[in-house]
Structures are given as structure tokens and as C-alpha cells.
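The values are calculated or read from the model by the stated rules, or taken from the named source; none is laboratory data. Because the structure is a prediction, the values reported are computed rather than measured. Neighbour counts run over all protein chains shown; Cβ positions are idealised from the backbone, glycine included.
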């Protein structure tokens, strides 16, 4: 208490510095945890159910994913569901591409390496079985930058309200980025990524 009263009596910045130091010493030690960030580009095809014959539509989704030097792991989950498959004549597909790119300084991808994709799959022969890929930086080092995730697909589906008739093509694509974060005892539900503490 004596230090508090003395610091309050000191002029300007000196009292602020002492006050901050006292607050820091009162705070408990942080715990290092892992913070997953999910990027979900899943999609279900639903066409207007008024047509007599089902039609197909195109869908493209894109997400830039910032990868800094603290990222420990990237987990990719992908699968598709096609309600029927007509063989080689069937033009429905889902194409996924994850590319490493430079960061243009504003968090946008630049000069993407299209010749060496981090992950790529073309699902063009019916349903694609669930696939989970884990990229662990300790086992297989990867470069920081802004990764470009694109999924492009063509499919069909209808929603008439009749369960027996309704069918939809779909895909599930989720990318989870795992980084370390710090949680303080005073706010255990808040975990701040360690990259925010770096200069």
C-alpha cells in the first residue's frame, strides 16, 4: 500500500510505470495452450425444386489463410457426397487446391506456387471418402505466408419438402490452423495467440 501511495504522488509517467508494474506482479503466470482457428468452406447444392428434371450449378469458394511462424499444425478434412453417379458422362466434380503464397503485406496472397500445391484433390468419380491430412511443422516443416484455399465444384440437389425425393450433392472442406496462445488465470476463457506478443 505504501508503494501505491508513493507512486500516486510521483509526477506523470513515473507513477504510470510503477502502477503498471504492480498490476503485472499481481497477475498470475500465463499458461501456454493451443488455439485452433477453423476455416469452413463446406457447401450443399440446392436447386430450385420447380424444374421437372434436376439441373446442375457451379460453386466456387475461396479463403486466404495466414500462416505465421508460430503455427504448429494445419489439419485438412475433405469429403464429398454425390447422390448418384452416371459414369464418365457425369460432369459433376469438386476440385480443392491449397497453395503457398507470399504475403503482400496486407494479408493477401501474392506469387502463389501453383506448380507445387500443398494439398490438391479432384473428386470427379462419385462420392469421395472422408480424408484427414495433418501437416505438423515439427515433422514436415512448412513455410509461412498466406495460403490460398480454393474449392470449385459442380453439382445438383433439390428441396421440395418431400423427404423421399429430396437429395443434395455436397462437400465438406474444413481447414484448422493450430497456434500456441497464452491464457491468464484471471481470464481462463480468453487465450491470446503468442504471435500478438511479438514485435
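Anything in the range 46-84 that is assigned to a strand (DSSP E or B), exposed (fewer than 14 other Cβ atoms within 10 Å of the Cβ) and modelled with pLDDT under 95? List them, or say none.
Passing the criteria: only 58.
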(request) Tell me which of these residue 196 doesn't satisfy, since it passes every other one: (1) under 28 Å from residue 90 (Cα atoms); (2) outside any strand (DSSP E or B). (result) (1)
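Does residue 133 satisfy the condition of being at pLDDT 95 or above and either surrounded by 14 or more Cβ atoms within 10 Å (Cβ to Cβ) or under 21 Å from residue 35 (Cβ atoms) (or both)?
Numbers: at pLDDT 95 or above: yes; either surrounded by 14 or more Cβ atoms within 10 Å (Cβ to Cβ) or under 21 Å from residue 35 (Cβ atoms) (or both): yes.
Taking the combined requirement at face value, the residue satisfies it.
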(message) Within the range 101-122, does at least one residue satisfy the condition of being farther than 21 Å from residue 37 by Cα, crowded, with 17+ Cβ neighbours inside 10 Å and without any contact (Cβ under 8 Å) to a residue 40 or more places away in the chain?
(response) yes
(request) Hey, could you check the range 86-97 for residues that are under 16 Å from residue 57 (Cα atoms) and assigned to a loop (DSSP other than H, G, I, E, B) and say which is modelled with the highest pLDDT? (result) 92
(request) May I ask you to list pairs of residues, at least six apart or on different chains, whose Cβ atoms are under 8 Å apart, with the first in the range 186-199 being under 11 Å from residue 30 (Cβ atoms) and the second being modelled with pLDDT under 80 and assigned to a loop (DSSP other than H, G, I, E, B)? (result) 186/27; 186/28
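If I filter the range 85-100 down to residues being over 22 Å from the mean Cα position of the chain (by Cα) and touching a residue at least 40 places away in the same chain (Cβ under 8 Å), which single residue comes out as surrounded by the most Cβ atoms within 10 Å (Cβ to Cβ)?
Step one: list which residues in the range 85-100 are over 22 Å from the mean Cα position of the chain (by Cα), which gives 85-93.
Cutting the leftovers down to touching a residue at least 40 places away in the same chain (Cβ under 8 Å) gives us 85, 91-93.
Working: 85: 12, 91: 10, 92: 21, 93: 16.
Looking at the filtered set, the residue picked out is 92.
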(message) Against the definition (under 23 Å from the mean Cα position of the chain (by Cα) and at positive phi), how does residue 105 come out, yes or no?
(response) yes
(request) Could you tell me whether any residue of the range 177-199 is within 18 Å of residue 42 (Cβ to Cβ), at pLDDT 90 or above and surrounded by fewer than 19 Cβ atoms within 10 Å (Cβ to Cβ)? (result) no
